[in-house]
Every structure is written in C-alpha cells, then in structure tokens.
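Read the structure below first, then the notes.
The values are calculated or read from the model by the stated rules, or taken from the named source; none is laboratory data. Nothing here was measured: the structure is a model prediction, and the numbers come from that model. Cβ placement follows ideal geometry from the backbone for every residue including glycine, while neighbour counts extend to all protein chains displayed.
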C-alpha cells in the first residue's frame, strides 16, 4: 500500500502520537454530535417508514369506533345554563356565594349567585334535565354520556382550547385528531384523514394550534375545509388538458420518489409531497364531497341549511359537510361552533361575560338544530354504531354574575363535556359539580381522563400510544389519565 516500509512506520507513529490521539478524539466527538443532530435523517428510513404509511392499524384491541366527530364550542359554554341542572342556584339566587363572597376571578370581582335564565326540563326516557333553550339536542339525551366533573389547568381561552384539544396548555403538541391520524392512517386515498371545519365567524382561540400535528410527522395536521371556505387551486389551469395534467403529475411523482430515496429521514419533505399528491387526487374527490346540493330537500330541511340567519345556515351546512366527510372515510373531524373572542365579549363565541341571556339566545339557535340534525342523520344512516361523537368546550363558568353585569366569568374548576355513539353508555351522567356548580366535587375528571376514554373506545391503550420526541415518549394524555369506565357500554 505504501511506497516503502519507512513511510508506513512514520505514518503509524503519527497515528498513535499524543497530538494524533487528541485530534482523533475531537473528530470523533464532533462526529457523535453530528450524528445526534442528524439522527432523524440518518435513521429516518427505518424509524419513520411506518409513520408515513397509508394505514398503520396500531389498535391495541378491537375498537368500538372507527371515526370521530368532535364538536367544539369555544368561549367556555356554561355548564349550569345548558347541561347540568342546579336547583340550589334557583333557591339561593341573588345571595352571596358561601365562603367566596369577595372572590376575584378572571375578570375581577364576582357578584351574587345567579340562576339560569332558562328552565330545565326532563328529557328522554332517562329523564335527564336539560335546558329548555336546547329543544332539539334534548331529544338525544338517551344516547349521550355526560361528564359533569371536567376540570382544566387554565382559565384563559387560548391555552384552554389548546389544552382541551391536545392535552397540553402550550402550543406545539399534537391534537387528538393528529394522534388518531398517526395511529390509524387514512381510509380513503382521495380524502384527508383529519379535517378541521372552522366556524364562519373565524378560527377558535389560538387558531391552528388546535388541530396541529405538533411533533408528529407533518402529514397528520388537519386539512382545513368548510362550506364557506372553498379549497384553493383545485381546478386544472386553463389551457391544460386532463391528459397533460395526468402526465405532469406522473412525472412529478417519479421526481418525488427519487428525491425521497435520497432524503429518507426528511418526514416534512415527504409529508409535503404526500400533501401535493393528495391535493391532486382531491381535484376529483373534493368537489363531490363538498357538493351539498346533491343532498335531498328533506336533509337540508332537517339541518336548517337555508335558515334566514346566515350564521345558522353556515353552521348547518358545515354539519352536513361533516357527515359527508365521515361517510366517505375521513377518520377525524373537528367541527367548530363559534370563533375567537372579539372586542365585545360573547359576540362571536360562548364567552358570555356581560349579557349571558342575550348572548346564549343568539348562540343556541345557531348550535341546537344543526347539531341535533347531525346526530339524527348519523343514527338513521347506521353510522352512529361506528362513530364517536364528542362535544367539548375549554372550561366552564361561574355560578355568580360578574360584578356590575348579567354575565358569568371563567371557571376552570368544573364544567361539562359529553360523548355519544360507538361504545358509549347512553343516558348516563358521570361526576358532578357541587350544588352551586362552582367546583367538580363528585369524581373529578381531567382532560387526560377524557381522552384516555376516547382512545379506549378507538381501540388504544392511551399509555402505549406514544411517539419518541426530544428524549421522551410523548403521548396525548401526557403522564396521566384513567379510562372513565362508567360511561363505556
């Protein structure tokens, strides 16, 4: 190998010299550091291959539900004005709250106890008392499982919405829909796995963080789609024939495949390629799924899609769109009724600080009939047997009125969420706030418990569905969570 033996010995002495040894150590340590930094790229072909597959099918046991619709009312919808009847609020209306007469909450001092402006009436065969301001939804109580003892870690809308959607109060974590997309993959190659449908009035507090993929591969972020918000760039450009478009996509697919082979660990790049390919396929599928005119007049009447109130009509069309997405293979749909806060509390969402009665008499008619129609439609089509329906909000409200107003302030210490459908024991109520609705008193439930139960119904052990990120095995339920077995059928 070497010109002569002397040169070989000289090189050997150089390699084992003190200077050579230190130089090699330094180079080796730098290499270790570089390997750490590039771990995702170096190991990506192995570690992430299954994550980018169309369907992972990682269920830990037989699932009860195959798809999820999560209806979210941002702004903190009041539990004691909608779902949880509190006779003591009527009895002690106008008196100070015992033990908290001078309490300061999110927006300041609280006044006296304030009963609900609406009566509650028994509904369904189970006789569950529901506010009379929700006449349509009250007809479904025999299929619903109410969790009246929910708690949150924050009393601020942005972090509260993100916490309710991701299990963490800070941004950057995957939403529940992203976790399910990651775990199960897509069912329909021509439609997204996960769709978020924002309200006509705007995005919820903290916006896209509510349906983010977080640290999961980028393909698991929700696609935003709504009846009032058309998908851009779906049409083939003028002057391009279908044959030319197809040939261009085939050529691009070859280039993408070659590039992916050269960069096996770049999941964001691969996800972007997959997104473009999905967009191309959606040129054919999306116009069909969003064409609500194909639905019969009886269905439109059921939902109220032609209502004189444009906000109700828009939400009704979004409810109908959600059903069409679910029946065509979309696995997880976020459906929002309300948006982020505005300069006037309670105008755009359920944040009724000053005029609760006026605010909810504006919001409830928008929410009630279309949501109930969605539940009815799922049931009459036989879809409810495999669809899990969730209703969520970020926290509750105080049983008192805010000083100088007829509204209620934020209350993270007790509120209500419910679920129905596949695997849910209908006509049940779990937990309770105290007699005034101030705090979760009986069987307090965390957001992590709620999602542990959701994952259980989807066939997953919440402690085993994880993703290694930044030195930890991360999961939707963080390091917490218990399945609420009392509401599982």
Does residue 369 fit the bill of being at pLDDT below 95 and crowded, with 20+ Cβ neighbours inside 10 Å? no
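What's the total number of residues in the stretch 60-81 that are within 15 Å of residue 457 (Cα to Cα) and either surrounded by 15 or more Cβ atoms within 10 Å (Cβ to Cβ) or at pLDDT 95 or above (or both)? Please lay out each step first, then the result.
Step one: filter the stretch 60-81 for residues within 15 Å of residue 457 (Cα to Cα), giving 60-70.
Still in the running and either surrounded by 15 or more Cβ atoms within 10 Å (Cβ to Cβ) or at pLDDT 95 or above (or both): 60, 63-70.
Total satisfying the criteria: 9.
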For the subset of the stretch 468-489 comprising residues that are crowded, with 20+ Cβ neighbours inside 10 Å and in contact with a strand residue (DSSP E or B) (Cβ under 7 Å, 6 or more places away or on another chain), which member is farthest from residue 164 (Cα to Cα)? 487
Yes or no: the stretch 256-271 includes at least one residue that is within 27 Å of the chain's Cα centre (by Cα), surrounded by 13 or more Cβ atoms within 10 Å (Cβ to Cβ), modelled with pLDDT under 65 and not in a helix (DSSP H, G or I). no
Qualifying strands (runs of 3 or more DSSP E) (wholly inside the stretch 103-177; at least 2 residues being in contact (Cβ under 8 Å) with a residue 24 or more places away in the chain and in the same structural domain as residue 352 (by TED's automatic domain parsing)): 108-113, 128-131, 144-150
Report whether or not residue 215 is part of a loop (DSSP other than H, G, I, E, B), over 30 Å from residue 309 (Cβ atoms), modelled with pLDDT of 75 or more and in contact with a strand residue (DSSP E or B) (Cβ under 6 Å, 6 or more places away or on another chain). yes
Just checking, does the stretch 83-101 include any residue being within 25 Å of the chain's Cα centre (by Cα), under 21 Å from residue 424 (Cα atoms) and in the same structural domain as residue 398 (by TED's automatic domain parsing)? yes
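Just checking, does the stretch 60-77 include any residue being without any contact (Cβ under 8 Å) to a residue 24 or more places away in the chain and at negative phi?
Taking the stretch 60-77 first, the residues without any contact (Cβ under 8 Å) to a residue 24 or more places away in the chain are none.
No: zero hits.
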State which residue is nearest to residue 61 (Cα to Cα) when the search covers only the stretch 462-480 and only residues that are without any contact (Cβ under 8 Å) to a residue 12 or more places away in the chain and assigned to a loop (DSSP other than H, G, I, E, B). 466
Any residue at all in the stretch 316-326 that is in a loop (DSSP other than H, G, I, E, B), modelled with pLDDT of 95 or more and in contact with a helix residue (DSSP H, G or I) (Cβ under 8 Å, 6 or more places away or on another chain)? no
